[in-house]
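Participant: The structure under discussion is supplied below as structure tokens; questions concerning it will follow.
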Amino acid sequence: MERWILAIDLGNGGPKVAVVDLHDHLLSVSVRAVSVKNGLDGTATQDANEWWEQVIAGAREAITASNVNPEGLHAVAITGQWGSTVPVDAHGIPVGDVMLWSDNRGEKYMREIIGGPISYQGFAPHKVIPWVRKTGGGPTPSGADPTGHSMVLQHEMQATYNRAAYLLEPIDYIGMRFTGKAGATPASMILSWVTDNRLGRALKYDSALVRKARRDPLKLAPLMPTGSILGTLLPDVASSLGVPTNVPVICGIPDLHSAVIGSGAIKPFETHVTISTTAWIGARVPFKKTDILHSIASVPGLDKNFPIVANNHETGGSALRWLKENIFKDESYESALAKADTAPAGSEGLIFTPWLNGERSPVDDKKIRASFLNISLRTDEAMMIRAVMEGVAFNSRWLFDSYEKFLGKKPASVRIIGGGAQSDLWCQMHAYALNRPVERPADPRDAQLKGVASWARICLGELTLEAAGEQAIVTDTFLPDGPDAKIYADLYAEYRRLYPILKKTHHRLNKITN
């Protein structure tokens, strides 16, 4: 009987669920959408019950479409977004909305935790140094992380907070719905900053950091080693999917971690860039290090010896989605990309800054906003679409500059994955912007699904990390020395000057309207 893995990637727009065979082949993928609530007060929430309903519906759809034998389910693997908070009862049932990683209502409470009279970018040195020394990072002054979420729940949603047995990360919530068991790992708990992440340290929550974060230790899920088997399928879940109950469910890992495997950039310092809803640049490294000024840190990785470099652009591929859904509503993604390809490289000097939801790396600034600059009477739809794509690429370069300094070496090439990597044009823009060969593996949109499926086999002792990386076959390479290289180099030089120029203006405008 052919064995297969059920892989779940809980993204910001909704879950993707795939059936993956044991040879790294995607047999089927179901993509489901979920709604988001955004408010002027910093609210950014989703419904965790809707997540679960769509995961189950997507799993049924993927299993049916793949024509696999349901009895052949080998394991359940989970990856997805992180830094969000799901309040659940003792059975894993939500007792309130998910507070997403972009929900910054907790900002008003963060000064007492991480700030002070003498601070830089919201961080008081005497408060942040103990966090950085142990964890590699610390709670964000914007409140857009589990520390800020917990403060909002404690101060403004006491009824929800009191009903919650646990405050879970999204991947740990999905794991609990599958198994009925609460569990977390150093990888899933990165953005709570309550584990001692120094190499060789014992597996436990750091009681001093838990107190500093004003977290209730009883509401933290029991900590397990990254790569553990969380449990097996609950009978009612197995019945709803038509699969056996004795199937292992692997503790979830963030999409950063599954991207490392899915991109094939496994060896130390090998780099991948992801263009998903958000965007980031990462690699496995043999050190713990922090650049708090640029929001870059090496965080708990797939094993004890090699942390992963973590950073994040608040807006990546979602910049194009925003343009399509709000400005050019009649365009499909295919037609929008085709139009962008007709515009000249550099869009006749039109520049777009993709800070639609503020920024996190290489600056932590939730009040900066997106702009089109240098619009003329000649500017048309094609140029605007292309400028948005170019702006995302330039933003990647802005982060890449700080990332290279953090690494201490220059990567010879970069792997590219995510939904945006399906576009040849966008990949070529990144090659020009980063001034590096950009390599694209097969199935770039679903790299995390393939990566987490391989991770399940690694955790079961059937595959090595190195062998999993070799499964990501590069199908296309985009070179940085083409005819448009100079245009992109010159435009990036202008792009790099924009943040300090625009920062004060955007802060004043947002103060007026908010």
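Participant: What is the distance in Å between the Cα centroid of the range 14-51 and that of the range 152-184?
Facilitator: 18
Participant: Follow-up question, since we're still on this one. Which value, in debye to the nearest 20, gives the size of the charge dipole of the chain about its Cα centre, when Lys and Arg are +1 and Asp and Glu are -1 at the Cβ? Please list the in-between numbers first.
Facilitator: On the way: 54 positive and 54 negative charges, 427 e Å.
Charge dipole, the chain, about its Cα centre: 2060 debye, nearest 20.
Participant: Students often check this: by mean Cβ neighbours within 10 Å, which of 150-163, 490-503 ranks highest, and how do the rest follow?
Facilitator: 150-163, 490-503
Participant: Quick one: pull the percentage of alpha-carbon pairs in the range 297-336 with a separation above 15 Å. All intermediate terms of the calculation are to be shown ahead of the outcome.
Facilitator: Numbers: 458 of 780 pairs.
Of all Cα-Cα pairs in the range 297-336, 59 percent lie more than 15 Å apart.
Participant: Moving on to the next point. Compute the distance from the alpha-carbon center of the range 231-288 to that of the range 386-454, in whole Å.
Facilitator: So the two Cα centres are separated by 19 Å.
Participant: Here is a further query. What lysines could a cross-link reach from Lys181, if we take a straight Cα to Cα line under 29 Å and drop same-chain neighbours fewer than 8 places away?
Facilitator: Lys16, Lys37, Lys134, Lys204, Lys212, Lys219, Lys304, Lys450
Participant: Report the extension gain between Phe372 and Lys289 in nm, rounded to one decimal, defined as 0.36 nm multiplied by the number of residues separating them, less their alpha carbon distance.
Facilitator: Answer, rounded to one decimal: 26.3 nm.
Participant: Once R0 is set to 35 Å, what does the formula 1/(1 + (r/R0)^6) return for the Cβ-Cβ distance between Glu53 and Lys108, expressed as a FRET efficiency to the nearest 0.05?
Facilitator: 0.55
Participant: On to the next question. With a cap of 13 neighbouring Cβ atoms within 10 Å, and only residues DSSP puts in a loop, list the trypsin sites (Lys or Arg not before Pro) found in the range 406-450.
Facilitator: Those that pass, being in a loop and sparsely packed, are Lys409.
Participant: Could you tell me which helices of the chain pass both thresholds, a Cα extent of 24 Å or more along their own axis and a mean Kyte-Doolittle hydropathy of at least 0.0, with helices taken as whole DSSP H runs?
Facilitator: Values: long enough: 48-66 (27 Å, -0.18); 381-407 (38 Å, 0.20).
Helices meeting the criterion: 381-407.
Participant: Let me make sure I get this right: for the range 217-260, a, b and c are the square roots of the gyration tensor eigenvalues over alpha carbons, sorted descending. Under 1.5 in a/c it's rounded, otherwise prolate if a/b > b/c, else oblate. Which is it?
Facilitator: Oblate shape, in that a/c is at least 1.5 and b/c is the bigger or equal ratio.
Participant: Count the net charge of all other residues whose Cβ sits under 11 Å from the Cβ of Lys511, scoring Lys and Arg as +1 and Asp and Glu as -1.
Facilitator: +3
Participant: Right, something else. I need the peptides 223-231, 192-200 ranked by packing, meaning the mean over residues of other C-beta atoms within 10 angstrom, with the highest value on top.
Facilitator: So the order, starting with the most tightly packed, is 192-200, 223-231.
Participant: Answer rounded, prolate or oblate for the range 106-199, using the Cα gyration tensor with square roots of eigenvalues a ≥ b ≥ c: rounded when a/c is under 1.5, else prolate when a/b is larger than b/c, else oblate.
Facilitator: Because a/c hits 1.5 or more and a/b fails to exceed b/c, the range 106-199 counts as oblate.
Participant: Determine the dipole magnitude for the range 4-251: charges of +1 sit on the beta-carbon of Lys and Arg, -1 on that of Asp and Glu, nothing else is charged, the reference point is the Cα centre, and the result goes in debye to the nearest 20.
Facilitator: Result for the range 4-251 is approximately 1020 debye, rounded to the nearest 20.
Participant: What order, most packed first, do the peptides 430-442, 396-408, 57-69 have when packing is the mean number of other Cβ atoms within 10 Å of each residue? Intermediate results must be reported in sequence, preceding the final value.
Facilitator: Numbers: 430-442: 22.7, 396-408: 19.8, 57-69: 17.7.
My ranking of the peptides, most packed first, is 430-442, 396-408, 57-69.
Participant: Moving on to the next point. Which number do you get for Rg(Cα) / (2.2 N^0.38 Å) in the range 146-219?
Facilitator: 1.14
Participant: How big is the C-alpha Rg of the range 231-312 next to the rule-of-thumb value 2.2 N^0.38 Å, as a ratio? It would help to have the intermediate numbers written out before the result.
Facilitator: Details: Rg = 16.6 Å, N = 82, 2.2 N^0.38 = 11.7 Å.
It is 1.41.
Participant: With a point put 7 Å past each Cα toward its Cβ, work out how far Met1 is from Leu509 in nm, to one decimal.
Facilitator: Label at Met1, label at Leu509, 6.0 nm between them.
Participant: Right, another one. Please list 3J(HN,Hα) in residue order for the range 221-238, calculated via the Karplus relation 6.51 cos²θ - 1.76 cosθ + 1.60 where θ = phi - 60°; whole Hz, with x for glycine and proline.
Facilitator: Residue by residue, the range 221-238 yields 5, x, 8, 10, x, 4, x, 6, 8, 5, x, 10, 5, 4, x, 5, 5, 4 Hz.
Participant: Based on the Cβ-Cβ distance from Lys405 to Ala65, what FRET efficiency comes out when R0 is 56 Å, to the nearest 0.05?
Facilitator: Details: r = 46 Å, r/R0 = 0.82.
Efficiency computed from Cβ-Cβ geometry: 0.75.
Participant: A follow-up question, please. Quickly estimate the mean residue ellipticity at 222 nm for the chain, helices only: each DSSP H run with n ≥ 4 gives -39500 (n - 2.57), and the total goes over all residues, rounded to 500.
Facilitator: On the way: 17 runs with 191 residues, N = 514.
Here the helix-only value at 222 nm equals -11500 deg cm²/dmol.
Participant: Take the Cα pairs of the chain, get the Kirkwood Rh, then feed it into Stokes-Einstein at 10 °C and 1.306 mPa s and tell me D in µm²/s.
Facilitator: Result for D is 69 µm²/s.
Participant: Only residues of the range 347-368 count here: report those whose backbone N is under 11 Å from the spot 7 Å along Cα→Cβ of Asn326, or say none.
Facilitator: 355-358
Participant: Using all C-alpha to C-alpha distances in the range 4-251, build P(r) with 10 Å bins and read off the rounded percent in each one.
Facilitator: Per 10 Å bin, starting at zero, the Cα-Cα P(r) for the range 4-251 comes out as 8, 31, 33, 20, 8, 1, 0 percent.
Participant: Here is a follow-up. Fully extended, how many nm does the chain gain between Thr342 and Ser240 (0.36 nm per residue separation, minus their Cα-Cα distance)?
Facilitator: Contour length minus Cα-Cα distance gives 31.9 nm.
Participant: Short version: ³J(HN,Hα) in whole Hz for each residue of the range 78-91, in order, from phi by Karplus 6.51 cos²θ - 1.76 cosθ + 1.60 (θ = phi - 60°), x for Gly and Pro, what are they?
Facilitator: 10, 9, x, 5, 8, x, 9, 10, 10, x, 10, 7, 5, 9
Participant: Then there is this: Calculated FRET efficiency, Glu494 and His23, Cβ-Cβ r, R0 51 Å, to nearest 0.05? Before the final figure, lay out each step's value.
Facilitator: Values: r = 47 Å, r/R0 = 0.93.
The pair Glu494/His23 has a calculated efficiency of 0.60.
Every number here is computed from the coordinates shown, using simple stated rules; none is lab data. All values reported here derive from a predicted model rather than from experimental measurement. Neighbour counts are summed over all protein chains in view; Cβ atoms, including those assigned to glycine, are modelled from backbone coordinates with ideal geometry.
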